[in-house]
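S.K.: Questions regarding the structure given below will be posed in turn.
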Number of protein chains: 4
Amino acid sequence: MKNTFGYSVAVTLFGESHGEYIGAVLDGLAPGISIDHDYIARMLTQRRPAGKISTARREQDAYRIVSGVLKGKTTGTPVTILIPNENANSGDYSGMQTLARPSHADFTAECKYHGYQDSRGGGHFSGRLTAALVAAGAICKCALEQKGIQIGTHVKKCGGVSDRAFIDLDADIAALNEKTFAVLDEDRAEAMQEAILLAASEGDSVGGILETAVTGLPAGIGEPWFDTVEGMLSHMLFSIPGVKGVEFGDGFALADLRGSEANDPFRMDEGRIVTATNHNGGINGGITNGMPILFRTAVKPTPTIFKPQNTVDFRSLTEEVLEPKGRHDPAIVHRARIVQDAATALVLCDALALRYGTDWLR
Amino acid sequence: MKNTFGYSVAVTLFGESHGEYIGAVLDGLAPGISIDHDYIARMLTQRRPAGKISTARREQDAYRIVSGVLKGKTTGTPVTILIPNENANSGDYSGMQTLARPSHADFTAECKYHGYQDSRGGGHFSGRLTAALVAAGAICKCALEQKGIQIGTHVKKCGGVSDRAFIDLDADIAALNEKTFAVLDEDRAEAMQEAILLAASEGDSVGGILETAVTGLPAGIGEPWFDTVEGMLSHMLFSIPGVKGVEFGDGFALADLRGSEANDPFRMDEGRIVTATNHNGGINGGITNGMPILFRTAVKPTPTIFKPQNTVDFRSLTEEVLEPKGRHDPAIVHRARIVQDAATALVLCDALALRYGTDWLR
Amino acid sequence: MKNTFGYSVAVTLFGESHGEYIGAVLDGLAPGISIDHDYIARMLTQRRPAGKISTARREQDAYRIVSGVLKGKTTGTPVTILIPNENANSGDYSGMQTLARPSHADFTAECKYHGYQDSRGGGHFSGRLTAALVAAGAICKCALEQKGIQIGTHVKKCGGVSDRAFIDLDADIAALNEKTFAVLDEDRAEAMQEAILLAASEGDSVGGILETAVTGLPAGIGEPWFDTVEGMLSHMLFSIPGVKGVEFGDGFALADLRGSEANDPFRMDEGRIVTATNHNGGINGGITNGMPILFRTAVKPTPTIFKPQNTVDFRSLTEEVLEPKGRHDPAIVHRARIVQDAATALVLCDALALRYGTDWLR
Amino acid sequence: MKNTFGYSVAVTLFGESHGEYIGAVLDGLAPGISIDHDYIARMLTQRRPAGKISTARREQDAYRIVSGVLKGKTTGTPVTILIPNENANSGDYSGMQTLARPSHADFTAECKYHGYQDSRGGGHFSGRLTAALVAAGAICKCALEQKGIQIGTHVKKCGGVSDRAFIDLDADIAALNEKTFAVLDEDRAEAMQEAILLAASEGDSVGGILETAVTGLPAGIGEPWFDTVEGMLSHMLFSIPGVKGVEFGDGFALADLRGSEANDPFRMDEGRIVTATNHNGGINGGITNGMPILFRTAVKPTPTIFKPQNTVDFRSLTEEVLEPKGRHDPAIVHRARIVQDAATALVLCDALALRYGTDWLR
């Protein structure tokens, strides 16, 4: 399967940056789920460039749902989301390029598609496609909230500045979901934005780390082999443009711990089995244990920069220097966090539907 | 799908620690692939406890291939591998336990299987099942080598001691594949083993980091969304017991870099397009670019330790102290590396068969 | 998976009769395949009601391809086809009904979707969705023709009138693909149309049998178990509205034969192994043998008729008599044949891509 | 996927006629399902040759369950069934042949596996593998019975002799499940056996038709497109050796009916919506309507016969005459019916688990 993810709840992604539409088909959702357009619009807006840290392209992401919804509720059949590319000009191929932008997908697209790819604006690889993923995920995230499952992501680190850790998960998640620049500590948010602007002023870009918490998930979700919660989530998370690492619980820091430090002792809490610590991020043996899911992704710096870079023309096979032009996005990590929320919601809806049946979510 | 991974080349895993057999069905391999029993046996031996750093259980992993192979070559139909559990005693349920060992899957298994799970020795969650995965992966890894694709993994870090980086990939991979304790620098291997033994002497355990390199893979493998190379590999890698993080190229370190530092400039090398650096681990936009694939996994410390730990009895819902007994494995990272090789080979065979057809591998 | 079929080449279907769009996402096609709009338009026209045997609705099926095609060729990324429902009125729910039309999906939709389904015009169950399937299949069928694989379907039987058997497959398929009412013998075509009009004049409808031939398919496609050619094709064919039976080769007639009559002896033909007869429809042990594939589907009579029928209101649970109104389609078999061609092409493209790799079709 | 079928409940089939074991991995069953060994043994016995209508090979089908069952109940992890091939002699390749037996899979296996296939006794294509499918299906069928879902199949036709139709489904199914030669009317059973013996005496074989009924299935199972109940069942049913046709309800006979004859009017029956007739076999729009599922398969005559047949040697490409030797099975339809029961149970368990969740079946 290529551009489809999930089984009981599945999303299919399509479109190119300069095509007529990007979009998604979200199939398998239970019937009767309310579509909250404000919720979708807010997530789409949070994904879009905003504030001083912006790009030239400011499309409205005026999505339409053209199937699978009736009188504001899902029908149970495929929900199709279309987002027009308003400035698309299907006859203008001037954006086609044969210079491989370093660390972009221009060269690998050429290898895979033999020159037939639409390379304008990144084509099918464009981060713009995440808008469709966000719209689909927003429906799922909203539905999960109705079942008491909350998802929130903050920029844990960006431009060398770290956010504080989660403290009160419920309050923190609620706060994050209202923010466009999702950092728990406002002072650090400001410092991060300064670091981003500094990099931008030097024609450069910055990377960062995103941290997600999920609360309210029942224990017993996931499989011991292959479809572990970690495996399913990471499979999806690596589709977020720029993500090059995923870790659960203490992740790579566990490598330096001893078992006596890394283990999470069990205890009773008001008749419920909980763990005293959560170094394992709510997952043991691939399966949820009822504690919050915690994971982080590493987002590499935006590969588009305003400095000369050595590269090649992949058709003429000549070495060239790429001279940047136009404007760019010096950081995407604060926008990627909303994609991470959406991606997480999509994966969890599928896992829950497989576990509890197709009607569970309504 | 639960215990099956892959599509064109798929592996199905079965068995429990104290059952009659563990095993795997490896389906979809091209016909005519030679089965190198020495190769399989060597990988199985490398996975087993060895040297001073060992456990009580020293089974021979006397695997048998009971289908899909004729006259030493694959037939193209399912290859079934059986590995007997020699000490298995199907009537002895004394190993059944209701005390949840911290950071093991005892409690999550109870949540998922409602008390019907075979908990003896970890049951279906036992690391012992990786022997079957290794046998299946050994067939794939050997076949990939015939096509010029090499896979090698070293213990990058263990017990606070770091190995040197890869230098000459071909030589390093060749050296690693001969080793039982796969560390590039022998001095550091010794230091790691000392650290492991020290932890063991204190009844504790250590974690580590595994680093894998893959050379010879063609450019153009993988998909832009969902079935990215990172996504497919990580989906599988999180099934290796103890893995809690996966990163590609510079991974989490990319979060602290600027674009000008993280980008990999392209250049020509004897008529071939290559990158001058490889911060992206051979993958751009989810697709191989022809450079070596590089990734690391974080392996948490073995959760079995010889110190009293607080826990609960998940049936009586009482808090208890777990008093350890018997022997244990103070580190698994050096054995997990062979599972990582096998897992990688399985994923790559599937991706290559999808790309080039079912006969490509022979 | 619900509304997605196939793996290496996969189609996802969406939309409702009275929604804004119906459509399909066709994913996994090789890059560089030419899109022949005349070909697609001709198949869409052949699927539409035509001549005296028609319905009230005469939409133009003005499809658009909004992704995955550049300069007339596939890019290798998802091809999205949108077909607007021109008369759709999203605010008009007067077509909603709670009377279960006999042998329609009204009642089963209620059982599955708990009242949230869009029942107007059959909603997601509407035969109108086959237009999207036909458009996607037309791309595949056209691509297969470039590789020497021909598909043709005739109305083998309708209204009690039988067409002649295939004689010269290549010529017959070529002739069928030009026809709107696909019957090999024109005299019998006329007799069928008379039978249809007679049924229509009595407010009734007729069923029929469709027979498909596929030539040029290589030997060795398909799997011995589960993904047999018969299994894969039939899985898809039962999605054609009204199909209630599928048979390959002599099909049900084989039940009355002896082995000596049913077996297909092999012989040499210009250095190539062929069979003297083709009672098995080109498939042995689930796998193509290089002879033409032959199969038939049974299409039940259109359930919409103009006679009073007993039924129930599935909300009030009262027995009612359904009094028909408006116009209807007294036969769909002659239009379903174009859906059968498209469905067949989709299945074969997937099977061939799995066998020979994703680039094979270009 | 090749030798794996299903998603939430999946079966993987492996082995060859002359290999060490044939077997199956049944994954995804709910934990806590009782394993009734008598039930499994009875189905395996009914599948085996019996009475005068037999073959030379009379293996005991001494299956073992080597994983996934503890204290007589499923654990929720993969259930692995092994059936030894007692007379297997792995060193004896004298059964290898290059003469393509007409309408067997010898030639297509050669095309697909390029000469590496194990051709002894049909290898992986051998009907013997259905024993593993029957054992896996027996577990499912038994579990479905606990939930009130009954499956029964009779030989509707064989050797030109037809059985009576189903009358009282519950009683008929119960009776069939006790029989080895599953015919409702004993007189006709005798006539069928005479017809089989007559064919056998002439060195020939006969085909037949199997008819299955399923009662107790809830309404609302299945999907409108692709994963229709008909599509899912037929996908599996065509794996039963010799099946060349599948029809639901009145099937091909519907082609000759008018809508007024074929439609199933709804009516109320003790507060429940039912249909007055069942021409559609309990399925409307691909989804169960709560009425019994009814379908038939066409089984071609056993291709092994004792008459000289023209064929070719697929290696030397010479025309030859195949001279039969040994004993054969003049009919398999009465044994295939038990495979049909098992196959049906496997498909339904998967569909029900997807609909209601993984725990539903226990």
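The values are calculated or read from the model by the stated rules, or taken from the named source; none is laboratory data. Note that the coordinates shown come from a computational prediction; the quantities given were computed from them, not determined experimentally. Cβ coordinates were reconstructed from backbone atoms using ideal geometry, including for glycine residues, and neighbour counts include every protein chain displayed. With ligands, DNA and RNA removed, areas are computed over all heavy atoms of the protein, side chains included. Shrake-Rupley method; radii C 1.70, N 1.55, O 1.52, S 1.80 Å.
S.K.: Please report the net charge: other residues with Cβ closer than 9 Å to the Cβ of C:Ala30, K and R +1, D and E -1.
M.R.: Neighbourhood net charge equals 0.
S.K.: For region B:105-124, which residues drop by 50 square angstrom or more in accessible area between the chain on its own and all protein chains together (1.4 Å probe)?
M.R.: Output list: B:Phe107, B:Thr108, B:Lys112, B:Tyr113, B:His114, B:Tyr116, B:His124.
S.K.: If the viscosity is 1.002 mPa s and the temperature 20 °C, what translational diffusion coefficient in µm²/s does Stokes-Einstein give for region B:116-155 when Rh comes from Kirkwood over Cα pairs?
M.R.: Diffusion coefficient, whole number: 175 µm²/s.
S.K.: Moving on. Show me, for region C:102-112, the HN-Hα J-couplings you get by feeding each phi into the Karplus relation (A = 6.51, B = -1.76, C = 1.60, θ = phi - 60°), rounded to Hz, glycine and proline as x.
M.R.: x, 6, 8, 9, 4, 6, 5, 4, 4, 5, 7
S.K.: Would you report the distance distribution of C-alpha pairs in the protein assembly as shown as whole percents per 20 angstrom bin, up to the bin with the largest distance?
M.R.: All Cα pairs, binned at 20 Å, distribute as 10, 39, 38, 13, 1 percent.
S.K.: List the trypsin sites (Lys or Arg not before Pro) in region A:150-240 that DSSP assigns to loop (not H, G, I, E or B) and whose Cβ has at most 13 other Cβ atoms within 10 Å. Which are they?
M.R.: A:Arg164
S.K.: List, shortest first and in nm to one decimal, how far the label point of C:Ala174 (7 Å from Cα along Cα→Cβ) is from its counterparts in the other copies.
M.R.: In nanometres, ordered from closest: 6.0, 6.4, 7.5.
S.K.: Semi-axes, largest first, in whole Å: what does sqrt of 5 times each Cα gyration tensor eigenvalue give for region B:132-212?
M.R.: 27, 16, 9
S.K.: Using DSSP to call loops (not H, G, I, E or B), can you name the trypsin sites (Lys or Arg not before Pro) in region D:305-360 whose Cβ has at most 16 other Cβ atoms within 10 angstrom?
M.R.: For trypsin sites (Lys or Arg not before Pro) across region D:305-360 that sit outside H, G, I, E and B with at most 16 neighbouring Cβ atoms in 10 Å, the list reads D:Arg315, D:Lys325, D:Arg327.
S.K.: Using the Cα centre of region C:275-362 as the reference point, and only Cβ charges (+1 on K/R, -1 on D/E), how large is the resulting charge dipole? Debye, rounded to the nearest 20.
M.R.: Rounded to the nearest 20 debye, it is 240 debye.
S.K.: What is region B:69-128 by shape, rounded, prolate or oblate, if you read a ≥ b ≥ c off the alpha carbon gyration tensor as root eigenvalues and call it rounded for a/c under 1.5, prolate for a/b larger than b/c, and oblate otherwise?
M.R.: It comes out prolate by the Cα gyration axes.
S.K.: Here is a follow-up. What percentage of the solvent-accessible surface of chain A, computed with a 1.4 Å probe over protein heavy atoms, is contributed by carbon and sulfur atoms?
M.R.: Of the solvent-accessible surface of chain A, carbon and sulfur hold 49 percent.
S.K.: Let me ask another. Using only atoms on other chains, find how many Cβ atoms lie within 10 Å of each Cβ of peptide D:273-285 and report the average.
M.R.: 5
S.K.: Can you give the relative contact order of region B:80-164 as a percent, counting alpha carbon pairs under 8 Å and 6+ residues apart?
M.R.: That works out to 22 percent.
S.K.: Using only Cα atoms, locate the centre of region D:160-191 and the centre of region C:270-322, then give the distance between them in Å, rounded to an integer.
M.R.: With region D:160-191 and region C:270-322 each reduced to a Cα centre, they are spaced 26 Å.
S.K.: I would also like to ask the following. Using the Cβ atoms and a cut-off under 12 Å, what net charge is assigned to the surroundings of D:Gln117, where Lys and Arg are +1 and Asp and Glu are -1?
M.R.: Surrounding charge for D:Gln117 is 0.
S.K.: Under 10 Å, Cα contacts only: if you run a Gaussian network model on chain C, which one of C:Tyr116, C:Tyr63, C:Tyr93 comes out with the highest mean-square fluctuation?
M.R.: C:Tyr116
S.K.: I need to check one value: relative contact order of chain B, counting alpha carbon pairs closer than 8 Å and at least 6 residues apart, in percent.
M.R.: The value is 23 percent.
S.K.: Right, next: Looking at chain A as a GNM with Cα springs under 10 Å, which of A:Gly137, A:Gly259, A:Gly242 has the largest mean-square fluctuation?
M.R.: Between A:Gly137, A:Gly259, A:Gly242, it is A:Gly259 that shows the largest mean-square fluctuation.
S.K.: Okay, moving on. Tabulate in residue order the Karplus-calculated ³J(HN,Hα) for region D:94-99, using 6.51 cos²θ - 1.76 cosθ + 1.60 with θ = phi - 60°, rounded to whole Hz; enter x for Gly and Pro.
M.R.: 5, x, 5, 9, 10, 7
S.K.: Lys and Arg at +1, Asp and Glu at -1: add these up for the other residues within a Cβ distance under 10 Å of C:Gly127 and post the number.
M.R.: +2
S.K.: Compare D:Glu230, D:Glu270, D:Glu110 in a GNM of chain D, Cα atoms joined below 10 Å, and give the one with the largest fluctuation.
M.R.: D:Glu270
S.K.: Another question, then. Against the globular-protein guess of 2.2 N^0.38 Å, express the Cα radius of gyration of chain B as a ratio, rounded to two decimals.
M.R.: 1.01
S.K.: With all protein chains present and a 1.4 Å probe, how do D:Glu320, C:Glu178 order by accessible area, largest first?
M.R.: Heavy-atom accessible area, descending, gives C:Glu178, D:Glu320.
S.K.: Pull up the cross-link candidates among the aspartates and glutamates for C:Lys157, meaning alpha carbon to alpha carbon under 14 Å and not fewer than 8 places away within one chain.
M.R.: C:Asp185, C:Glu186, C:Asp187, C:Glu190, C:Glu194, C:Glu211, D:Asp256
S.K.: Please report, in whole Å³, the volume per residue of the convex hull around the C-alpha atoms of region C:172-285.
M.R.: Dividing the Cα hull volume of region C:172-285 by its residues yields 163 Å³.
S.K.: How far apart are the A:Glu194 label points across copies, placing each 7 Å from Cα toward Cβ, in nm, shortest first?
M.R.: Values, ascending and in nm: 4.6, 9.3, 10.3.
S.K.: Provide Rg over Rh for region C:280-362; use the alpha carbon set for both Rg and the Kirkwood Rh (inverse mean inverse pair distance).
M.R.: 1.22
S.K.: Kindly state, as a whole number, the per residue volume in cubic angstrom of the convex hull around the alpha carbon atoms of region C:90-246.
M.R.: Taking only Cα atoms, region C:90-246 has a hull volume of 165 Å³ per residue.
S.K.: Right, next: As a test of the definition: which semi-axes, in Å, follow for region D:260-328 when you take the square root of five times each eigenvalue of its alpha carbon gyration tensor? Largest first, please.
M.R.: 52, 13, 10
S.K.: Further question on the same structure: Counting only protein heavy atoms and rolling a 1.4 Å probe, how much accessible area do B and D lose on contact, total for both sides, in Å² to 100?
M.R.: 3900 Å²
S.K.: Separate question: Express the accessible area of the protein assembly as shown per residue in Å², computed with a 1.4 Å probe while the remaining protein chains stay in the model.
M.R.: That works out to 30 Å² per residue.
S.K.: Would you tell me the mean number of C-beta atoms belonging to other protein chains that fall within 10 Å of each C-beta in D:15-21, as a whole number?
M.R.: 5
S.K.: For chains D and A related by rotation, which residue of D has the Cβ nearest the axis, and what is the rounded distance in Å?
M.R.: D:Gly357, 2
S.K.: Continuing with this model, one more query. For region D:212-256, evaluate the Debye formula with one uniform point scatterer on each Cα (no solvent term) and list log10 I(q)/I(0) at q = 0.18 Å⁻¹, rounded to two decimals.
M.R.: Debye curve over Cα of region D:212-256, log10 I(q)/I(0) at q = 0.18 Å⁻¹: -0.68.
S.K.: Okay, moving on. Beyond a 31 Å Cα-Cα separation, which of these cross-linked pairs lie in this structure: A:Lys73/A:Lys300; A:Lys147/D:Lys71; C:Lys112/C:Lys325; D:Lys73/D:Lys179; A:Lys300/B:Lys300; A:Lys147/D:Lys147?
M.R.: The answer is A:Lys73/A:Lys300; A:Lys147/D:Lys71.
S.K.: Kindly give the distances from D:Ala253 to its copy-mates, label point to label point, with each label point 7 Å from Cα along Cα→Cβ, as nm values to one decimal ordered shortest first.
M.R.: From this label point to the equivalent ones elsewhere in the assembly: 2.0, 7.2, 7.5 nm.
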